[in-house]
Amino acid sequence: MKKREQAKRIDNLIFFPGMEKRLTDKGLESLHNKKFNEAITLLEEAKVLDPDNDDILVGLVLAYFEASSFKKAKKLANEMLLKGIGDYFQMVDLYLTVLIQLHEYQEIVETIEVLLEEKEIPPDKHDHFLTILQFSKRMAENHLQDGSEEEPEESSLNKLNLFENNNLNEQMLLISGLAEKNIRPYVPEITEYLKADNGHAFLKTILLTLLKEQEIDKELVVRKFSLEEKVIPAKLPEVRVQPRMKEVKELLEIHLESNNPVLFDNTIGMVERIFFISYPFTLEPESPAAWAGAFQLLVEEYLGLNPKIGKIAQAYSVHPKEIGQAVVKIEEIEKISYPNI
């Protein structure tokens, strides 16, 4: 017969067996449901009962982070690293993310340089940490030049500073960090960026997908390619299954997949790239067949196949002029390169 668990007594309070697990489960559920302050309360109680539990501590760091309690998140993450609690590189990543929010770039530089010197970084994470190191060195230098060594105000911690930073790779690094955060504190700045003429189309797509994932139902203005549209992110189609893109892919599948698989694969790659950058706009011409023909024409040209627009137009039952319209638009969008992170 299993021995009955004893109740725990801490500071004259009695906690019954299994209490820490119930608190942990409820705390992690609250974290998942984005009830961050509730999660903090529950997980802090669980931590009292089980102070070295990986799940409790990682959950608590995340909850602090999402609630913008960055100093508490930093302190706890640092304690976990020193004690060797949790997956080491998961905790390093989390710790660095917190430091970025606190604008403590010099500490990021020192942390990563120690890891590099000790050759502790796995090969598959090497480039990732080098990118953060380069970014943090630049930001640390900027802070020294500005003479701003004071701690950031709380109001500045929820800023991406997308307009102040013109480096596309650094902007991408900041935006990619939003994937695991509560995006709502950043919505006002993102709204301004989406409607700005000088915002990068690729970054705008990334931001829209993040807003959609977190079900932001506020109407926003998006500007790309001198076009403007009002959208509600939560109601947008998934970027990978846009209706027009789906129709274009189906036409290319019919015409190319069996006859020329290599041409088909290359053409589909271009389709996905162009529709990703142009999201959420439905561009002229309206005909999916014109777009399919234009994509095939351009990829054949890139492959040196000397395509004939008349022959392709006939195959897709569309006027050559419409294919020409789509070609111009594709070439315009193709000039926008992807960030190389």
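Side notes on the structure shown:
- Pro285 out of contact with any His (no Cβ under 8 Å at 6 or more places or on another chain), closer than 16 Å to Glu322 by Cβ, part of a loop (DSSP other than H, G, I, E, B) and touching a residue at least 40 places away in the same chain (Cβ under 8 Å): yes
- Of all residues in the range 61-84 being part of a helix (DSSP H, G or I), without any contact (Cβ under 8 Å) to a residue 12 or more places away in the chain and out of contact with any Phe, Trp or Tyr (no Cβ under 7 Å at 6 or more places or on another chain), the one that is least open to solvent (accessible area, probe 1.4 Å): Glu79
- Residues of the range 197-207 satisfying the condition of being open to solvent by less than 20 Å² (accessible area, probe 1.4 Å) and out of contact with any strand residue (DSSP E or B) (no Cβ under 7 Å at 6 or more places or on another chain): Gly199, Phe202, Leu203, Thr205, Leu207
- Scan of the range 104-123 for residues that are buried (at least 20 other Cβ atoms within 10 Å of the Cβ) and in a loop (DSSP other than H, G, I, E, B), ordered by number: Glu104
- Selection count, the range 295-329, where residues are under 35 Å from the mean Cα position of the chain (by Cα) and open to solvent by 70 Å² or more (accessible area, probe 1.4 Å): 5
- Considering only residues in the range 127-171 that are over 24 Å from Val114 (Cα atoms) and at pLDDT 75 or above, the one that is nearest to the chain's Cα centre (by Cα) turns out to be Gln171.
- Of all residues in the range 230-252, those satisfying the criterion of being farther than 18 Å from Ala326 by Cβ and surrounded by 13 or more Cβ atoms within 10 Å (Cβ to Cβ) are Val231, Ile232, Pro233, Ala234, Leu236, Pro237, Val239.
- In the range 17-74, the residue that is farthest from the chain's Cα centre (by Cα) out of those that are on the phi > 0 side of the Ramachandran plot and not basic (Lys, Arg) is Gly18.
- Under the condition of being in contact with a strand residue (DSSP E or B) (Cβ under 9 Å, 6 or more places away or on another chain) and either of a type in the set (D, E, K, R) or open to solvent by 40 Å² or more (accessible area, probe 1.4 Å) (or both), the residues counted in the range 165-196 number 1.
The rows are residues; the columns are (1) of a type outside the set (Lys, Arg); (2) at negative phi; (3) over 15 Å from the mean Cα position of the chain (by Cα); (4) modelled with pLDDT of 90 or more.
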{"position": "Tyr193", "(1), (2), (3), (4)": "yes, yes, yes, yes"}
{"position": "Thr205", "(1), (2), (3), (4)": "yes, yes, no, yes"}
{"position": "Leu211", "(1), (2), (3), (4)": "yes, yes, no, yes"}
{"position": "Arg223", "(1), (2), (3), (4)": "no, yes, yes, yes"}
{"position": "Glu228", "(1), (2), (3), (4)": "yes, yes, yes, yes"}
{"position": "Ile232", "(1), (2), (3), (4)": "yes, yes, yes, yes"}
{"position": "Lys235", "(1), (2), (3), (4)": "no, yes, yes, yes"}
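- Listed by first and then second residue, the pairs linking a residue in the range 168-197 that is farther than 23 Å from Phe281 by Cα and touching a residue at least 12 places away in the same chain (Cβ under 8 Å) to a residue that is among the acidic types (Asp, Glu) and assigned to a helix (DSSP H, G or I), with Cβ atoms under 7 Å apart and 6 or more places separating them unless they lie on different chains, are Lys181/Glu66; Asn182/Glu66.
- Residues of the range 214-269 that turn out to be free of Cβ contacts under 8 Å to residues at least 12 places away in the same chain and in contact with a Lys or Arg (Cβ under 7 Å, 6 or more places away or on another chain), as a count: 0
The values are calculated or read from the model by the stated rules, or taken from the named source; none is laboratory data. As the structure is a prediction and not an experimental result, all values here were calculated from the model. Don't worry about glycine lacking a Cβ; one is built from the backbone with ideal geometry, like all the others, and counts go over all protein chains shown. Heads up: the accessible areas ignore ligands, DNA and RNA and are worked out on the full protein's heavy atoms, side chains in. Shrake-Rupley method; radii C 1.70, N 1.55, O 1.52, S 1.80 Å.
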